[in-house]
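The values are calculated or read from the model by the stated rules, or taken from the named source; none is laboratory data. Source: prediction; values computed, not measured. Virtual Cβ from ideal backbone geometry, glycine too; neighbours counted across all protein chains shown. These accessible areas exclude ligands, DNA and RNA; they are computed on the full protein's heavy atoms, side chains included. Shrake-Rupley method; radii C 1.70, N 1.55, O 1.52, S 1.80 Å.
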Amino acid sequence: MTTTQKRLVLDTNTLISAFTNEKSVSASFFRQVRHTHQLLASSDTVAELLRVIQKPKFDKKFIGREESRKRLIFEYIDLAAFPEITQISTDCRDPDDNIFLSIALSGGADFIISGDLDLRVLNPYHGVRILTIREYAEENGLIL
């Protein structure tokens, strides 16, 4: 029996938490889904990730491992699929979060993983479920 990989969009906060704290719930989640699920990204979501992770407030998280900040981004880019953006969403009350809705719709995502209330209030969004890490883990048997 073959199973279809679930297609996930991870929001920036989920990825930042995973990349800046190796012991976080986000990091545990990311380690488990990175090779068992199809992660979806776009040039816009990666640009936001790069902009945020380069903020000075995260410098202290990478002391002694400056190169790992860049390496994590490149690894994520290598893991993710970049479908063509064919559907543009403008439905989120925070316009900056529309990029996650657009990639989810365009890439046929099953889930958006986010704790952002601006996104979560839309759950489900055109058939795409928007769950927190813990909700997704509980439903799918992941151990955090």
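Couple of notes before you dig in:
- Scanning region 55-72 for residues that are under 25 Å from GLU135 (Cβ atoms) and surrounded by 11 or more Cβ atoms within 10 Å (Cβ to Cβ) turns up at least one hit.
- Close pairs (6 angstrom Cβ cut-off, 6 or more residues apart or separate chains): assigned to a loop (DSSP other than H, G, I, E, B) in region 35-52, of a type in the set (Lys, Arg) anywhere: HIS37/LYS6
- The combined condition, being open to solvent by less than 10 Å² (accessible area, probe 1.4 Å), hydrophobic (A, V, I, L, M, F, W, C) and over 17 Å from PHE82 (Cα atoms), is fulfilled by ALA137.
- Residues considered: SER68, SER43. Of these, the only one that is at pLDDT below 95, out of contact with any Phe, Trp or Tyr (no Cβ under 6 Å at 6 or more places or on another chain) and among the polar types (S, T, N, Q) is SER68.
- So GLY115, is it out of contact with any helix residue (DSSP H, G or I) (no Cβ under 9 Å at 6 or more places or on another chain) and not in a strand (DSSP E or B): no
- Condition met for GLU48 (open to solvent by less than 90 Å² (accessible area, probe 1.4 Å) and acidic (Asp, Glu)): yes
- Residues in region 2-38 that are among the acidic types (Asp, Glu) and open to solvent by less than 60 Å² (accessible area, probe 1.4 Å): 1 in all.
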